[in-house]
There are 2 protein chains.
Amino acid sequence: MNLISYSSEINNDNKKSFIDSIDTFIFDCDGVLWIADTIVPGAIETLNYLRHTLGKKILFVTNNSTKTRQQFQDKIKSFGIECFIDEVYGSSYGAAIYLNQINFPKDSKKVFIIGEYGLEKELNDQNFKTIKEINKLKDGLDSVQNTVIDKDIGAVIVGMDTQLTFQKATYAHMCIKEIEGCLFIATNPDSSYPVKDGKTLPGAGSIVSMIQTSTQVKPITIGKPETLLLDVILKKDNLDPKRTLFVGDRLDTDIAFAFNGGIKSLLVLTGISQLSEINNIDSKINPNFYTNTIADLLPSNN
Amino acid sequence: MNLISYSSEINNDNKKSFIDSIDTFIFDCDGVLWIADTIVPGAIETLNYLRHTLGKKILFVTNNSTKTRQQFQDKIKSFGIECFIDEVYGSSYGAAIYLNQINFPKDSKKVFIIGEYGLEKELNDQNFKTIKEINKLKDGLDSVQNTVIDKDIGAVIVGMDTQLTFQKATYAHMCIKEIEGCLFIATNPDSSYPVKDGKTLPGAGSIVSMIQTSTQVKPITIGKPETLLLDVILKKDNLDPKRTLFVGDRLDTDIAFAFNGGIKSLLVLTGISQLSEINNIDSKINPNFYTNTIADLLPSNN
């Protein structure tokens, strides 16, 4: 079953009415604004046109849990793109704001994290007490099974962590299994993590999968294609979903995210998903709109 | 759909014909012969009766990948049970024999293992070259993504490993993704690992799940309820499947293992699965036979 039955191509006839119908443009970045280390031609001009000429609101979203918003803002600016800190949403920041929104008792409960600096910093910036490093236990079953957990932990948050150990996984497992009401939150479900030369590492989703398998507990997932990050954005910025658009390059994450969250979607063909994947009988998911590149939103010359 | 539509209870009328129909009794141990640290009453007498009075062949099976056969034999004997080394099959030994049976090129290819002493020892005993410890890399993404794998690795075997690190998982991930034809083998799919006080740790299956999620490659699984370990046993001991019985206490692992492998099954009610779970409309799997305890196989007094 298709989520959206048919996608419309952006062209000179419908471009103005399409742009007029949107107040807020939320951008996925890699594959949309840049590809690896190279800016998409016209991306800067398009963002400036939307922001300054038309007065549109611009937001940037990333599933990457290892970076703070500040670090991600620096990366965006390094491409020459104008960007303010309040326009940046990452899955770690989303996790922290989610805990705020559900009134997690930050005075009495702590958060155990499997994650890197970005996750820890975003949580600490929202005044959550975090436990990240656990006592280095002597290797082996006899010591691992004697792991003592802090019973004041109220949530386990799992993201990408290049310093994952079996001890950390055990600590998370025991919190979820043994502390009543302890939340299990995943920053993002990405199964692999792209690095240089087209290679990949195990991603946050693979670490989440380990803990989900061992505990048989399904996590609350913040990042794309789940909708909590989008809910956080809509609520925090008080946006009208009907006049909000997500621009992405992947059907299974970006476009599903927009659909699941009840906003409009635009697929650009500069990244992962290809034109052949939409508007045919095999399409599992179609965007509302598609176009070759983000630069197609600029006014046409003819 | 039930795998077997109806289970017969062992009673005084059918006991002799049932036992006469079996040459080889394969036993799951915990829940059948002992429960945690306590022998099941009559278990020793039953095994002696089957072995010495009736001349039946006796085998012992464990999914636990951390122990060698020698260590598992010692454990069996510690309960006062007679046991010879050739009667013991574990999932690590099974993995080694599986590699022999598929003619894995042990002279030119190595095996990367995520696992403990038992797995390493069983592979080395069959003259496989193993890589277990990788160079301790400096923590962090920059160093992890520079992991250099040995291109002579022909198989990755994943079992229970209390010394799992992200670096080890990355090494396994890269071997599976980057070396053409590299096998991905799981010793056993157990999601959690029981320890003292009724607690659990993440099990081999949870580590396997991490690598399966990151690589999107399904492993070849040796242990119960998959059938490779049973295939290894039947082939190595040249057993007639029609006259071979598996005795276990869990429907979803032991009884499924017997059914999937084409041998008969006997469920004992001293362990996990309960009588209420079989012979009703909700039964997903029924054993061929069931009885309260292994001791019911002893000749009756009346």
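How would B:Cys175, B:Cys29 line up from fewest to most surrounding beta-carbon atoms within 10 angstrom? Mind showing how you got there, number by number?
Numbers: B:Cys175 25, B:Cys29 21.
With the sparsest Cβ surroundings first, the list reads B:Cys29, B:Cys175.
Considering only beta bridges that DSSP places wholly inside the protein assembly as shown, some 15 percent are antiparallel.
The distance from the alpha carbon centre of segment A:38-103 to that of segment A:172-201 is 23 Å, rounded to a whole number. Which whole-number percent is the relative contact order of segment B:177-302 (Cα, under 8 Å, 6+ apart)? Once divided by the residue count of segment B:177-302, the mean separation gives 16 percent.
Which shape class, rounded, prolate or oblate, goes with segment B:103-221 when its Cα gyration tensor gives a ≥ b ≥ c as root eigenvalues, a/c under 1.5 marks rounded, and past that a/b bigger than b/c marks prolate? Note, shape of segment B:103-221 comes out oblate. Anyone know which of A:Ser65, A:Ser143, A:Ser108 comes out most mobile in the 10 Å Cα GNM of chain A? Comparing A:Ser65, A:Ser143, A:Ser108 in the GNM, the peak value goes to A:Ser143.
Placing a pseudo-label 7 Å from each Cα along the Cα-to-Cβ vector at B:Asp252 and A:Val195 gives an inter-label distance of 3.5 nm.
Comparing B:Phe166, B:Phe25, B:Phe289, which has the greatest mean-square fluctuation in the GNM of chain B with Cα pairs linked when under 10 Å apart? Among B:Phe166, B:Phe25, B:Phe289, the largest GNM mean-square fluctuation belongs to B:Phe166.
Using C-alpha pairs below 8 Å separated by at least 6 residues, the relative contact order for segment B:103-221 is 24 percent.
As a test of the formula, what do you get for chain A when each DSSP H run with n ≥ 4 contributes -39,500 (n - 2.57) and the sum is divided by the residue count, at 222 nm and rounded to the nearest 500 deg cm²/dmol?
On the way: 10 runs with 86 residues, N = 302.
My calculation for chain A gives -8000 deg cm²/dmol from helical runs alone.
Mind checking which of B:Leu99, B:Leu267, B:Leu230 has the largest fluctuation in a GNM of chain B, springs on alpha carbons under 10 Å? Result: B:Leu99 has the largest fluctuation of those listed.
Rounded, prolate or oblate: which one fits chain B, using the alpha carbon gyration tensor with axes a ≥ b ≥ c (rounded when a/c is under 1.5, else prolate when a/b beats b/c, else oblate)?
Values: a/c = 2.14, a/b = 1.97, b/c = 1.08.
The shape class here is prolate.
Please report how far the C-alpha centroid of segment B:247-302 lies from that of segment B:147-161, rounded to the nearest whole angstrom. Their Cα centres are 37 Å away from one another. Against chain B, whose longest principal axis is taken from its Cα atoms, helix B:91-101 shows a tilt of about 70°.
Taking the number of other C-beta atoms within 10 Å as the exposure measure, put A:Glu180, A:Glu9 in order starting with the fewest. Before the final figure, lay out each step's value.
Numbers: A:Glu180 5, A:Glu9 12.
Least crowded to most crowded, the residues run A:Glu180, A:Glu9.
Placing a label point 7 Å from Cα along the Cα-to-Cβ axis, B:Lys218 is separated from the same position in the other copies by 2.2 nm, shortest listed first. Pairs of Lys residues in segment B:133-224 that lie 8 or more places apart, or on two chains, and have C-alpha atoms under 14 angstrom apart add up to 4. A simple rule links phi to the HN-Hα coupling: the Karplus curve 6.51 cos²θ - 1.76 cosθ + 1.60 with θ = phi - 60°, which for segment B:125-131 gives 4, 9, 6, 8, 7, 10, 10 Hz, with x for Gly and Pro. Starting from the label point of B:Glu82 at 7 Å along Cα→Cβ, the same points in the other copies fall at 8.9 nm, in ascending order.
Using C-alpha pairs below 8 Å separated by at least 6 residues, the relative contact order for chain B is 23 percent. Annotation for segment A:1-97: trypsin sites (Lys or Arg not before Pro) lying in DSSP loop with at most 12 further Cβ atoms inside 10 Å of their Cβ do not exist.
Which of rounded, prolate or oblate describes segment B:239-302 when judged by the alpha-carbon gyration tensor and an a/c cut-off of 1.5? Oblate shape, in that a/c is at least 1.5 and b/c is the bigger or equal ratio. Measuring between alpha carbons in the structure, the pairs from A:Lys16/A:Lys235; A:Lys236/A:Lys264; B:Lys242/B:Lys284; A:Lys242/A:Lys284 lying more than 20 angstrom apart are A:Lys16/A:Lys235; B:Lys242/B:Lys284; A:Lys242/A:Lys284.
With its label point defined 7 Å out from Cα along the Cα-to-Cβ axis, A:Asp237 lies at 6.6 nm from the matching points of the other copies, in increasing order.
Roughly what % of DSSP beta bridges within chain B run antiparallel, to the nearest 5? List each step's numbers first, then the result.
Numbers: 5 of 41 bridges.
Around 10 percent antiparallel, to the nearest 5.
Note on B:Glu45, B:Glu120: ascending count of other Cβ atoms within 10 Å places them as B:Glu45, B:Glu120, the fewest first.
Bear in mind that the values in this text are calculations on the coordinates, not laboratory data. Keep in mind the model is a prediction, meaning the values are calculated, not measured. Ideal geometry is used to build each Cβ from the backbone, glycine not excepted, and the neighbour counts take in all protein chains shown.
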